[in-house]
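The values are calculated or read from the model by the stated rules, or taken from the named source; none is laboratory data. Source: prediction; values computed, not measured. Ideal geometry is used to build each Cβ from the backbone, glycine not excepted, and the neighbour counts take in all protein chains shown.
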Amino acid sequence: MQDPRVIAVVGAGNMGAGIAQKIAQEGFRTLIADTDKSRAEAGRARIDASLQEAVERRILKPDQAADVLSRVEAVGSLDELADADLVIEAIFEDLLAKKSLFRSLDEACKEGCILATNTSSFYVSELASVTHRPGLVVGLHYFFHPAKNRLLEVVPGNLTRPDVVDAMERFAEAHGKTAIQTRDAPGFAVNRFFVPWLNEAVRVLEEGIANIPSIEAAAKRAFGIGMGPFELMNITGVPVSLHAASTLGRELGPFYEPADLLATQVLETKADWDLSGSVDEAVADQVSDRLMAATFAVVGALIDEGVCSLEDIDRGARIGLRWARGPFELLNKVGPARALELVEELGGTHPDLSIPESLQAQAESNEPFQFQRVDLNVVDGIGHIRINRPEVLNALDEEVVGQLAERLEEALKTEGLRGIVLEGAGKAFVAGADISFFVRNIEAADIDRIVAFTEAGQRLLRRIETAPVPVVARVHGMALGGGVELALACHAIVCSHKASFSLPETGIGIYPGLGGTQRLQRIVGKPLARRLIFTGRPLRAQDAVESGLALEAVPLSELDSTISRWIERGLPDHYASPTGGSAAEQEAYGDEVVGAVLEGQVPEGVSEDARSLLEKDLRAIARKAPVALKTASELIDSGADRDLGSALQLELDALAGIFGTQDALLGLRSVGSRETPPWQGM
């Protein structure tokens with residue numbers, strides 16, 4: 001099935017306008033429709049207002065906002081959706097209204113057009129049943145605000161075709177969403193546990209265990225969130241919570257039914273929750289235990305019923321709800337045995353609440369739940385290895401590196417394997433190594449563990465590099481630090497026009513330690529390697545191609561087919577002829593002048609082009625850690641004339657020294673801050 005190019009959104013309210021805005025921002029021609037042209041125009045005006053707000057906050061430039069709005073067309077009739085490849089329904093939650101709309105869309109839309117619903121309350125299959133194209137009907141459940149929230153639940157109905165599901169997952173990537181797949185079940189995945197979490201907070205208040213401020217404080221601390229349940233209900237609308245809990249209660253039984261106080265607040269008080277008052281810390285544990293018990297009971301049921309994977313449940317919480325940890329990560333932290341106790345205690349007051357078999361089994365084993373962070377899917381002789389950790393931009397840690405090595409060996413054992421594609425889920429390819437891992441181990445004076453992790457990473461990358469079949473890095477978004485180094489170890493990099501590459505390590509007190517100082521110079525030449533490592537400047541997709549770093553840059557919709565063609569055709573040797581960068585880069589970062597550059601000076605006698613380039617670059621270099629710059633420069637120089645294996649060993653040999661510096665800890669702790677660390681030079 002071809003990927004959709006023309007997208008229509010029916011329903012021009014806040015949700016529909018937000019969905020249309022996000023789709024248009026990612027380059028799609030977007031139609032927005034409602035019951036008449038004036039309502040559709042009002043939706044377009046909402047998009048314009050949102051874009052102007054982004055301009056005021058300097059997220060977008062005025063011409064960018066105008067470009068987005070130019071792709072949005074307001075239409076007043078469903079007959080004007082004849083060109084749409086995908087129509088997303090985003091009207092109010094009324095089953096009869098949605099069914100009527102789907103009947104009309106089925107008649108108005110062209111053959112092959114996919115019909116999607118943004119419902120959070122009704123079965124996808126029930127909406128599909130009123131059409132003559134049930135195989136082309138799917139759920140796409142967005143989260144508010146859809147122009148900002150990256151999560152998208154992809155929900156196949158009973159008859160949805162597999163190729164439609166695949167197309168929707170590609171569409172999710174194409175418009176900057178992280179997709180999780182869930183069965184067509186009440187609440188899908190995220191609302192199934194989030195709504196009971198909100199409802200349980202109201203029950204705790206109703207029972208007099210704690211006041212609202214105490215519940216808010218306990219929830220924020222236990223779940224690592226910025227807003228507690230009552231503030232969240234106020235923002236999204238307390239009636240929305242009542243409607244969601246009522247829907248789940250009808251489908252799933254008394255435990256899911258709304259607390260009496262929630263109904264009273266909506267139907268009688270008719271006001272937001274009053275958040276004022278003092279916090280009683282003495283009840284914090286009791287409150288957090290209740291909220292975790294409700295969460296653990298529901299996510300265990302989701303696993304038992306096969307609604308969603310535990311990995312996607314956690315992604316839903318972390319990306320869609322912005323929890324610091326997903327439910328299963330929280331469960332592991334508490335311990336399965338203690339989690340089971342909490343659920344059993346809650347079940348004592350809810351006779352209809354079944355104790356999840358998955359939770360009982362885990363408690364009996366006394367082992368934490370295990371997560372699959374790296375997936376392997378072999379299609380037509382091509383092994384697709386995907387790092388599936390989008391909630392942290394696919395950051396590399398010990399678990400991910402270990403699973404990458406396992407999936408690679410599994411792929412290489414596949415009979416008839418013709419090639420391997422290495423890719424990342426979500427908006428990034430790989431955003432480097434997990435910074436928190438480095439900080440924890442430096443603080444614990446366990447530099448040996450950092451060295452061991454890096455050695456394992458180096459072995460993995462050498463295994464990729466020496467694989468007997470072509471290995472291509474599919475870089476669809478940003479690649480940072482270790483992500484660039486992982487891509488460099490592949491036989492080729494093929495990227496989308498949205499891709500970018502940067503090595504920011506010297507700005508956080510360290511150097512690229514997974515081969516960056518060695519492979520990069522062998523591919524793009526020493527001068528450009530120096531520039532990229534010293535400045536940390538991002539290399540855009542087309543620049544990456546021109547420098548020889550990437551083989552080809554194409555639109556995202558053509559990325560997979562382009563990779564397939566290259567594997568079929570055969571890959572060139574990316575070490576064959578380093579370009580060295582532009583003439584100005586070769587002059588500005590040549591062997592003869594690099595010493596002056598590291599001292600913050602523009603070398604005498606360089607051309608005007610080189611001078612102009614360096615004057616800009618030196619401002620960036622001045623913000624980097626001096627020891628890291630010096631070490632990186634020495635590694636580039638000392639490894640240049642060695643064979644790759646011994647050159648890579650130089651990086652490993654210098655690790656303990658660099659991670660033992662004060663600057664490394666200062667730099668790594670500074671990640672996320674805009675301030676330059678006060679480098680100590682040691």
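Restricting attention to the range 465-495, which residues are in contact (Cβ under 8 Å) with a residue 24 or more places away in the chain and either surrounded by fewer than 22 Cβ atoms within 10 Å (Cβ to Cβ) or at positive phi (or both)? Across the range 465-495, the qualifying residues are GLU465, ALA467, PRO468, VAL469, PRO470, MET478, GLY481, ALA492. Just one of the listed residues (ALA284, ALA363, ALA297, ALA317) is touching a His at 6+ places or on another chain (Cβ under 9 Å) and crowded, with 18+ Cβ neighbours inside 10 Å, namely ALA297.
Among the residues examined, LEU291 does not qualify as under 20 Å from GLY208 (Cβ atoms), in a helix (DSSP H, G or I) and touching a Leu at 6+ places or on another chain (Cβ under 6 Å). If you go through the range 47-62 and pick out every residue that is out of contact with any Lys or Arg (no Cβ under 9 Å at 6 or more places or on another chain) and either part of a helix (DSSP H, G or I) or β-branched (Val, Ile, Thr) (or both), you end up with 11. Among the candidates ARG674, ARG669, ARG611, single out the residue that is surrounded by 14 or more Cβ atoms within 10 Å (Cβ to Cβ), without any contact (Cβ under 8 Å) to a residue 24 or more places away in the chain and farther than 27 Å from ILE493 by Cα. One residue alone meets the criteria, ARG611.
Among residues of the range 77-105 being hydroxyl-bearing (Ser, Thr, Tyr) and touching a residue at least 12 places away in the same chain (Cβ under 8 Å), the one that is nearest to THR247 (Cα to Cα) is SER104. If you go through the range 106-119, how many residues are part of a loop (DSSP other than H, G, I, E, B) and either of a type in the set (Lys, Arg) or surrounded by fewer than 21 Cβ atoms within 10 Å (Cβ to Cβ) (or both)? The number of residues fulfilling the criteria is 3. Scanning the range 648-682 for residues that are assigned to a loop (DSSP other than H, G, I, E, B) and within 19 Å of GLU599 (Cα to Cα), we see that the one that is modelled with the lowest pLDDT is MET682.
Only residues that are crowded, with 22+ Cβ neighbours inside 10 Å and not in a helix (DSSP H, G or I) were counted across the range 228-260, and they come to 2. The sole residue among LEU359, LEU342, LEU346 that is in a helix (DSSP H, G or I), among the hydrophobic types (A, V, I, L, M, F, W, C), touching an Asp or Glu at 6+ places or on another chain (Cβ under 7 Å) and on the phi < 0 side of the Ramachandran plot is LEU342. Residues that are surrounded by 18 or more Cβ atoms within 10 Å (Cβ to Cβ) and closer than 28 Å to PRO390 by Cα within the range 335-357 comprise PRO336, ALA339, PRO356, listed in sequence order. Here the helices (runs of 4 or more DSSP H) wholly within the range 509-551 that include at least 2 residues being modelled with pLDDT of 95 or more and under 18 Å from VAL494 (Cβ atoms) are 516-524, 541-547. Only one entry in GLY645, GLY605 is farther than 17 Å from THR535 by Cα and not in a helix (DSSP H, G or I), namely GLY605.
Can you tell me how many residues in the range 135-151 are surrounded by fewer than 20 Cβ atoms within 10 Å (Cβ to Cβ) and either among the polar types (S, T, N, Q) or under 12 Å from LEU86 (Cα atoms) (or both)?
Residues flagged as surrounded by fewer than 20 Cβ atoms within 10 Å (Cβ to Cβ) and either among the polar types (S, T, N, Q) or under 12 Å from LEU86 (Cα atoms) (or both) within the range 135-151 amount to 1.
Has the range 594-607 got any residue that is under 22 Å from GLY483 (Cβ atoms) and without any contact (Cβ under 8 Å) to a residue 60 or more places away in the chain? Within the range 594-607, not a single residue is under 22 Å from GLY483 (Cβ atoms) and without any contact (Cβ under 8 Å) to a residue 60 or more places away in the chain.
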